[in-house]
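Participant: To start, I am sharing the structure in question, which I have written as structure tokens.
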Amino acid sequence: MRSRSPLMGLMARYPRSAQLLTIVLFLALWEIAARFFVDKMFLSPPSRVYGEISRVIGTKGLPQALGVTLYEVSFAFVVAVAIGMAIGLSVGLNAFARRCFMPIILLLYGIPQIVILPLFILGLGIGPPSKIAFGVTHGIFPIILAILAGVQNLKPVLLTSARSMGANRWHILRYVVLPHMLPSFFSGLRLGMTGVLLGVLLAELYVSTAGIGYFTGVFTQNFDPTRLLGLISILAAMAIALNEFMRTVERRFSRWRGND
């Protein structure tokens with residue numbers, strides 16, 4: 001067996017340092033590419049981008065756009081979770097429903113969502129409702145599939161044991177099904193959050209007069225890479241913050257699992 005290099009061993013012992021090193025290398029390559037190899041009309045170096053974040057945030061209408069996008073993403077995520085849980089549990093816990101509706105769910109999931117965006121615009125207009133609905137369509141399927149995977153991995157002996165001890169449907173759902181599917185459920189929530197954010201931004205990018213997606217299109221059309229990349233950095237920070245929030249909630253509800 002080939003032994004690991006000292007560098008790999010050091011990175012294995014200090015994963016945070018490895019992550020930081022990766023980020024530093026990425027920023028360094030970006031800086032070099034932007035300064036020496038790419039036209040400044042299309043790419044700005046990170047030193048300039050992050051030095052002008054305040055100018056990006058100070059763009060007229062941008063703070064309000066951040067609020068609009070955050071509202072649309074939050075609303076769409078709550079709706080996607082509610083509908084996704086209802087469908088996932090209903091289909092996952094019933095063999096007949098699973099045989100009937102699972103192929104339909106997979107078929108709908110396989111449809112490129114962008115092709116149905118005009119239907120949302122025609123039906124709901126160019127305001128927040130269409131953005132929220134389009135975000136829901138992106139976030140709901142990862143949640144449904146994650147719940148289905150968690151339910152299908154449930155050992156039948158656990159259900160049989162619960163019923164033999166007099167547990168009703170609510171007790172089985174509360175004390176057997178939900179705890180068992182928590183890892184899959186929270187994985188689905190993180191994927192669903194990313195999908196919702198993507199759907200809302202796509203809708204804002206194509207048809208909108210407000211929101212972050214609208215300003216992304218404006219900066220692109222004006223060949224303003226500094227503000228565009230600054231805005232993308234803000235979006236990335238927003239996505240990381242939302243993902244870390246979901247990880248915190250998962251740890252809070254999974255403390256009983258211990259070191260399993």
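Just so you know, all these numbers are worked out from the coordinates, no wet-lab data involved. Bear in mind that the values here come from a model prediction, so they are computed numbers and not experimental data.
Participant: Where in the chain are the DSSP H helices whose alpha-carbon span along the long axis reaches 15 Å or more and whose Kyte-Doolittle mean is at least 0.0?
Facilitator: TM-like helix candidates: 15-36, 62-92, 95-110, 128-152, 178-206, 225-253.
Participant: Something else about it: In whole angstrom, and with the biggest value first, how far do the Cα coordinates of the chain range along each principal axis?
Facilitator: 70, 61, 30
Participant: Name the residue, out of Gly195, Gly125, Gly110, whose mean-square fluctuation peaks in a Gaussian network model built on the chain with Cα pairs under 10 Å.
Facilitator: Largest GNM mean-square fluctuation: Gly110.
Participant: Same structure again: Before rounding to the nearest 500, sum -39500 (n - 2.57) across all DSSP H runs of length at least 4 in the chain and divide by the residue total; then give [θ] at 222 nm in deg cm²/dmol.
Facilitator: Helix contribution divided over all residues of the chain: -25500 deg cm²/dmol.
Participant: Below 26 Å, Cα to Cα, which lysines can Lys131 reach? Residues fewer than 8 away in the same chain don't count.
Facilitator: Lys131 reaches Lys60.
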